[in-house]
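Following: one structure in structure tokens, then a few remarks.
The values are calculated or read from the model by the stated rules, or taken from the named source; none is laboratory data. Not measured: the values here are computed from a predicted model. Note that we place each Cβ from the backbone using ideal geometry, even for glycine, and neighbour counts take in every protein chain shown.
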Amino acid sequence: MRALTRCLSSTFCLGASLFAVSAALASDSAALKRYELPNQDTLEMTLPAGWEDQVEQPDGGGPPTIVMSIRPDGPRQVFITPEWPDPTAKEVRELAQLRDAIRDAAERVKPESVESYLEVRQLNGSNGVGYYFAATDRDPGADEFKFMNQGALQVGSLTLWFTILANDGEDTVAVEALAMLQAARHRRTGLDQL
């Protein structure tokens, strides 16, 4: 009887330990998030481990902004605003227009950046193509960020406008955020057509 009790206790303890370990790992692993958009479609992204998100909806409607922190109670460092086409429009935004919009944004940022030339780079996602640039702030304030990646990526019929901010020692923030964007998925419901 004692052997059986020890065995059951050991099994229970082992099971409880495995549950605790798997729960801890789950909180440290990437999380698939689904964002329902005002047009009834869904945007899906897998947040890197430990990142937190919140959705900010502007007054009066319009596209929400998904805001992310790379650690609990940390500063907001990733901003994503999904834009969807007008359901009556016949065309999705053309890539040349998207590239020009990002090039214009880079030109506006250039006077404040260390770089004399801000290269607009192509960003290939699993469901679309986009463009972005990287800039280093010439003189960041005490509560400001030193590095910025900014751009737009087509995901299905959505355009994701994004800004990624980081400081020294946060080298993986842009890499992880860009990978998350590249793997994003747009799930159309068609309800905006009704």
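A few notes on this one:
- Selection count where residues are assigned to a strand (DSSP E or B), out of contact with any helix residue (DSSP H, G or I) (no Cβ under 8 Å at 6 or more places or on another chain) and not charged (D, E, K, R), scope the range 27-55: 7
- Residue count for the range 122-138, restricted to those that are under 19 Å from ALA105 (Cα atoms) and not hydrophobic (A, V, I, L, M, F, W, C): 7.
- Taking the conditions (1) more than 19 Å from ALA177 (Cβ to Cβ); (2) not in a loop (DSSP other than H, G, I, E, B) in turn, ASN124 satisfies each one other than (1).
- Options THR172, THR163, THR159: the member that is within 14 Å of the chain's Cα centre (by Cα) and over 24 Å from ARG99 (Cα atoms): THR172
- Verdict on ARG71 being modelled with pLDDT of 95 or more, among the charged types (D, E, K, R) and closer than 29 Å to ASP171 by Cβ: no
- Among the residues making up the range 49-58, those that are within 17 Å of LEU37 (Cβ to Cβ) and either out of contact with any strand residue (DSSP E or B) (no Cβ under 8 Å at 6 or more places or on another chain) or of a type outside the set (Asp, Glu) (or both) are GLN54, VAL55, GLN57, PRO58.
- Top-ranked residue of the range 76-104 - restricted to ones that are assigned to a loop (DSSP other than H, G, I, E, B) and surrounded by 12 or more Cβ atoms within 10 Å (Cβ to Cβ), ranked as modelled with the lowest pLDDT: VAL92
- Only residues that are within 17 Å of ALA152 (Cβ to Cβ) and either at pLDDT 90 or above or outside any loop (DSSP other than H, G, I, E, B) (or both) were counted across the range 56-66, and they come to 4.
- Annotation: of all residues in the range 121-150 being over 15 Å from GLN97 (Cα atoms), aromatic (Phe, Trp, Tyr) and without any contact (Cβ under 8 Å) to a residue 40 or more places away in the chain, the one that is surrounded by the fewest Cβ atoms within 10 Å (Cβ to Cβ) is PHE147.
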